[in-house]
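The values are calculated or read from the model by the stated rules, or taken from the named source; none is laboratory data. Quick caveat: nothing in here was measured; it's all calculated off a predicted structure. With ideal geometry, Cβ positions are generated from the backbone for all residues, glycine too; neighbour counts draw on all protein chains shown. Surface areas here come from the heavy atoms of the whole protein model, side chains and all, with no ligands, DNA or RNA. Shrake-Rupley method; radii C 1.70, N 1.55, O 1.52, S 1.80 Å.
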Amino acid sequence: MLERFPDGARVCFIGDSLTAQNAVQWMTIDCYKSNFPDNGIEFINCGVAGGTATNALEYLEDDVFPHNPTHAVIGFGVNDSLRWDLAKPRSFERYDRLVWGFERFKTNLRKLCDILIERGVKVTLCTPPPYDEYQDSAEPTLVGGFALITAYADEVRNIAREKNLPLCDYFEFIARKMQVDQIHCHDRVHPTDHGYYVMAKHFLSLQGLDVGDYKPMPDYLRDWNTKVSEKVEIYAGELMVVGDYCLPLEEKLKKAQNLLDTAEEGNIYIRFAQNYLKLKPNQEQINADIKELYKKNVLEK
């Protein structure tokens, strides 16, 4: 079981695209709002599409600690696994790279937990959901993907035991659930809307709460969610286009523009560069809007 977040808590969800999608987060907010209308809890999305435990260390000071969190819910492993290397032919080079990714994950997830704990933040760890190697999909299967993520889930469990941290074991729960239910979308990694609901329901059930039947995002959260999506696009651009959080703003924008000027048609990073150029200069206002909309529509409603 997990403890319920106390009244007045500031909870940062730190993770990859499964966090950045903001689905489990809005369902958690709505559940708490329904059950504890005056709880005063602030839930903050610090997810980064494409993120890993390694690059999370780079944006803690920029996108976590400014919120002065009391609690953090951490979910990594899917991208840390370098699963796309499974598409390459077997070789010593492939094996060594997968081992390197795993060792890096083990080191940096521990480091991430230690930094947060030293700053007085109460950490909850989440195992990564399994890779759906077996569903029928147009997406080619990464053979060995399920086993690969199994190892990462095991390591998260190890860290939780070592540091006596609460654990939400998504992997174990979804590995069973997916045998009789469609959890993943076509890419075998990201959940469907129903899959995110299953994740939220499981997480909240560990806290003794019931999210109820699935429902669309309520209207009072839509404006806030839009602004969170804009923030998510900025950090995706920082990671996938800029690649260096420490560069001056002018140089970051120049790198994004250079990608647009030189990228061939069909380059998957073009959208990230376009959104980054549009949104990055307004980051301060976007962050302020997120906070104001949450205060107005959640805390004061």
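Between the listed residues GLN257, GLY208, LEU277, the Cα displaced farthest toward the positive end of the dipole of segment 203-297, a dipole computed from Cβ unit charges relative to the Cα centre, is found at GLY208.
Counting 0.36 nm for each residue step from GLU251 to LYS278 and taking away their Cα separation leaves a gain of 8.2 nm.
Between the amide H of CYS168 and those of LEU125, CYS126, THR127, distances stay under 5 Å, these residues lying 5 or more places away or on another chain, with hydrogens modeled in the peptide plane. The convex hull built on the alpha-carbon positions of segment 17-135 has an orientation-averaged projected area of 9.0 nm². For Rg and Dmax of the Cα atoms in Å, the candidate list reads (1) 20.0, 68; (2) 19.1, 62; (3) 19.0, 58; the entry that matches the value derived from this model is (3).
Please calculate how many Å² of accessible area segment 1-145 carries per residue, with a 1.4 Å probe and no DNA, RNA or ligand atoms counted.
Roughly 43 Å² per residue, with all protein chains present.
The LYS215 and LEU2 beta-carbon pair, evaluated with R₀ = 30 Å, returns a calculated FRET efficiency of approximately 0.85.
When the gyration tensor of segment 68-153 is built from Cα positions, what are the square roots of 5 times its three eigenvalues, in whole Å, from largest to smallest?
29, 16, 8
Placing unit charges on the Cβ atoms only, positive for Lys and Arg and negative for Asp and Glu, gives the chain a dipole magnitude near 380 debye about its Cα centre. Checking the cross-link pairs LYS88/LYS255; LYS111/LYS163; LYS215/LYS280 against a 21 Å limit on the alpha carbon distance flags LYS88/LYS255; LYS215/LYS280 as lying beyond it.
Taking the square roots of 5 times each eigenvalue of the Cα gyration tensor of segment 123-181, largest first, gives ellipsoid semi-axes of 25, 12, 7 Å. Sorted on the mean count of surrounding Cβ atoms within 10 Å across their residues, most packed first, peptides 212-220, 71-79, 293-301, 54-62 read 71-79, 54-62, 293-301, 212-220.
How many angstrom separate the Cα center of segment 250-270 from the Cα center of segment 1-44? When both Cα centres are located, 35 Å separates them.
If you look at the Cα atoms of segment 1-61, you get an Rg and a Dmax of 12.8, 36 Å.
Here the Karplus relation 6.51 cos²θ - 1.76 cosθ + 1.60, evaluated at θ = phi - 60°, turns the backbone of segment 75-92 into coupling constants of x, 9, x, 5, 8, 4, 5, 6, 4, 5, 5, 5, 6, 7, x, 4, 6, 4 Hz, with x for every Gly and Pro.
Extending 7 Å from Cα along the Cβ direction at GLU61 and again at LEU260 yields two label points whose distance is 3.0 nm.
If we sort 195-205, 141-151, 22-32, 246-256 on the protection proxy, mean other Cβ atoms within 10 Å, highest first, what's the order? Provide the component values of the computation, followed by the final result.
On the way: 195-205: 20.9, 141-151: 17.4, 22-32: 22.5, 246-256: 13.7.
Per-residue Cβ counts within 10 Å, averaged per peptide and sorted highest first, yield 22-32, 195-205, 141-151, 246-256.
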